[in-house]
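Asks: One structure is given below, represented as structure tokens, and several questions about it will come after.
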Amino acid sequence: MHEFALMDQILDTVITDAAGRKLLPVHEITLVVGELANIMPEALEMAFQVFRDSSRPGLSPEASLVIRRERGLVLCQLCNQQYEPEDGLVLCPVCGLPGQILAGQELTIEYYAGGDDHDQDPDAAACSGSQQPAGG
Ligand SMILES: [Zn+2]
């Protein structure tokens, strides 16, 4: 199950980057996983939960993972036509030759969010009126 090792690397990359930008703890990560990447999104999510539940440093205990699938796109160099392969099969539907993969093999960290500065506790707004405009 190489998704576990992949998730480990992803978290390492994100948390290192977030630390440099003072955006710890990380509470949201969005990944783009190509349909031809030989990666099971379910396994990635499972690995993410394991790392989160084991209190990985830099990762919020309530962190969420979003996975977007990217459609595979293959070009047949004989027919010169592009097609979206079914079930990860890259054979041309017309001539049956393996095509050249144009898209769908990537694993990309598209977005992450983190940091403490977005507290939206409704109780925090209950105490108001302590600040008066200066002068007058
Ligand atoms: Zn073809």
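The values are calculated or read from the model by the stated rules, or taken from the named source; none is laboratory data. Note that the structure is predicted; figures quoted are calculated from it, not measured. Cβ sites come from the backbone with ideal geometry, for glycine too, and all protein chains shown count toward neighbours.
Asks: Which of the residues belonging to segment 80-105 are touching a residue at least 24 places away in the same chain (Cβ under 8 Å) and surrounded by 14 or more Cβ atoms within 10 Å (Cβ to Cβ)?
Replies: Pro85, Val90, Gly99, Ile101, Ala103, Gly104, Gln105
Asks: Identify, from the list Gln105, Gln120, Gln81, the residue that is at pLDDT below 95, within 11 Å of the ligand (Cβ to nearest atom) and either in contact with a Ser or Thr (Cβ under 9 Å, 6 or more places away or on another chain) or among the polar types (S, T, N, Q) (or both).
Replies: Of the residues listed, the single one that is at pLDDT below 95, within 11 Å of the ligand (Cβ to nearest atom) and either in contact with a Ser or Thr (Cβ under 9 Å, 6 or more places away or on another chain) or among the polar types (S, T, N, Q) (or both) is Gln81.
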